[in-house]
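Asks: Structure below; questions to follow.
The values are calculated or read from the model by the stated rules, or taken from the named source; none is laboratory data. Not measured: the values here are computed from a predicted model. Glycine also receives a Cβ, built like all others from the backbone with ideal geometry; neighbour counts cover every protein chain displayed. Only protein heavy atoms, including side chains, enter the accessible area calculation; ligands, DNA and RNA are left aside. Shrake-Rupley method; radii C 1.70, N 1.55, O 1.52, S 1.80 Å.
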Amino acid sequence: MNANPKDSPQHVVGTPAEPPQSSGAEQRSHAPPAALHGRLLQVSRMATIGEMAAGVAHELNQPLTAIANYAQACSRLLSRPGTDPSELQQALAEITAEAARAADIIRRLRALSHSRQSDRAPVSVNALVREVIDLVESDARLHGVPVSLDLANELPNVLVDAAQIQHVILNFVRNGLEALASRPSGAGRLLIRTAAAPQHEVELAVIDNGPGITAETAGRLFDPFFSTKESGTGMGLAISNTIARMHGGSVGYRPVLPAGACFYILLPGQASA
């Protein structure tokens, strides 16, 4: 996606400092008790990872296939008289690299699915995006959708639970990919963008060029148990809203012109030292 889609503010779910705003149905977005939130977050995480399973399986299959091929090559080299040891060393180095790649994919999945909440720490929003981009791209490739990054420079750090914010990113991405399923093959585009926002906040947005969302639906997007999908739990965006509020931020949606949707999270930036 070469140019940023033009989007206009709409349907912001309010921060703790102000009541949630809505157009349409009343927003029921108060944060649940901590224990309940933890259980709901874990269920939502596992549902998101389950939806990504096909893409992750495809991504894991690539290094595993490469490992098998290089191992067979080693076997053939060993059975051949006068084999150059450097050829074996090269094949073994490739096996090591591919095994590390597969292990890294599994490590990221385990981190995302872990039920224990991590301590909050100052972190760059751009770094959070880069840590999950491999998982995002594997899922997007399976759907035939290219992913672009537009990450702003010199953004303030945010004080967050990294795994929770990354869960929000993946949830927004899944929504975008599902919306793009109605587009002709090769026509869908997904953009992950970070930018400075007013009041020293940082915005992280996931933008698609799908059909967009009706005004009636937009008013209920962050309501618990509301879903436009037949098999949807209606938890993903509601949990994302709760995560944002617990971090002193907010989530929202705005339409993209001429077509598409933008889901975003706003987080308070830390003051410079």
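Asks: Which residue out of Phe263, Phe172 is touching a helix residue (DSSP H, G or I) at 6+ places or on another chain (Cβ under 6 Å) and either modelled with pLDDT of 85 or more or open to solvent by 50 Å² or more (accessible area, probe 1.4 Å) (or both)? Explain how you work it out, then say what you get.
Replies: On the way: Phe172 fails: touching a helix residue (DSSP H, G or I) at 6+ places or on another chain (Cβ under 6 Å).
Selected residue: Phe263, the only one of Phe263, Phe172 that is touching a helix residue (DSSP H, G or I) at 6+ places or on another chain (Cβ under 6 Å) and either modelled with pLDDT of 85 or more or open to solvent by 50 Å² or more (accessible area, probe 1.4 Å) (or both).
Asks: Would you point out the residue of the stretch 219-260, among those that are assigned to a strand (DSSP E or B) and of a type in the set (Ser, Thr, Tyr), that is modelled with the lowest pLDDT? So that I can check it myself, show each step before the final result.
Replies: Within the stretch 219-260, the first condition is being assigned to a strand (DSSP E or B), and the residues that meet it are 250-257.
When the remaining residues are screened for being of a type in the set (Ser, Thr, Tyr), the result is 250, 253.
Numbers: Ser250: 94, Tyr253: 91.
Only one residue tops the list, namely Tyr253.
Asks: Among all residue pairs at least 6 apart or on different chains, which show Cβ distances below 8 Å where the first residue, located in the stretch 202-220, is under 18 Å from Ser182 (Cβ atoms) and of a type outside the set (Asp, Glu) and the second is at pLDDT below 80 and not in a loop (DSSP other than H, G, I, E, B)?
Replies: These pairs meet every condition: Ile207/Asp7.
Asks: I would also like to ask the following. For the stretch 166-212, name all the residues that are of a type in the set (S, T, N, Q), farther than 14 Å from Val136 by Cα and not in a loop (DSSP other than H, G, I, E, B).
Replies: Keep residues of the stretch 166-212 that are of a type in the set (S, T, N, Q), which gives 166, 171, 175, 182, 185, 194, 199, 209.
If we keep only those that are farther than 14 Å from Val136 by Cα as well, we get 182, 185, 194, 199, 209.
Thr194 - this is the single residue of the stretch 166-212 that is of a type in the set (S, T, N, Q), farther than 14 Å from Val136 by Cα and not in a loop (DSSP other than H, G, I, E, B).
Asks: Does Arg193 qualify as being buried (at least 16 other Cβ atoms within 10 Å of the Cβ), farther than 26 Å from Met246 by Cβ, in contact (Cβ under 8 Å) with a residue 40 or more places away in the chain and among the charged types (D, E, K, R)? First the steps, then the outcome.
Replies: Numbers: buried (at least 16 other Cβ atoms within 10 Å of the Cβ): yes; farther than 26 Å from Met246 by Cβ: no; in contact (Cβ under 8 Å) with a residue 40 or more places away in the chain: yes; among the charged types (D, E, K, R): yes.
No, not satisfied.
Asks: While we're here: So which residues in the stretch 121-153 are free of Cβ contacts under 8 Å to residues at least 12 places away in the same chain, acidic (Asp, Glu) and surrounded by fewer than 17 Cβ atoms within 10 Å (Cβ to Cβ)?
Replies: Within the stretch 121-153, no residue meets the criteria.
Asks: Okay, next question. Which count do you get for residues in the stretch 136-176 that are β-branched (Val, Ile, Thr) and more than 16 Å from Glu203 (Cα to Cα)? Working first, answer last.
Replies: Start the filter on the stretch 136-176 by keeping residues that are β-branched (Val, Ile, Thr), which leaves 136, 145, 147, 158, 160, 165, 168-169, 173.
Within this subset, residues satisfying the condition of being more than 16 Å from Glu203 (Cα to Cα) are 136, 145, 147.
Residues that pass the stated criteria total 3.
Asks: Tally up the residues in the stretch 55-106 that are open to solvent by less than 80 Å² (accessible area, probe 1.4 Å), among the charged types (D, E, K, R) and within 30 Å of Val132 (Cβ to Cβ), please.
Replies: So the answer is 4.
Asks: Quick one: which residue in Ser148, Ser138, Ser124 is modelled with pLDDT of 90 or more and under 17 Å from Leu190 (Cβ atoms)?
Replies: Values: Ser138 fails: modelled with pLDDT of 90 or more; Ser124 fails: under 17 Å from Leu190 (Cβ atoms).
That would be Ser148, the only listed residue that is modelled with pLDDT of 90 or more and under 17 Å from Leu190 (Cβ atoms).
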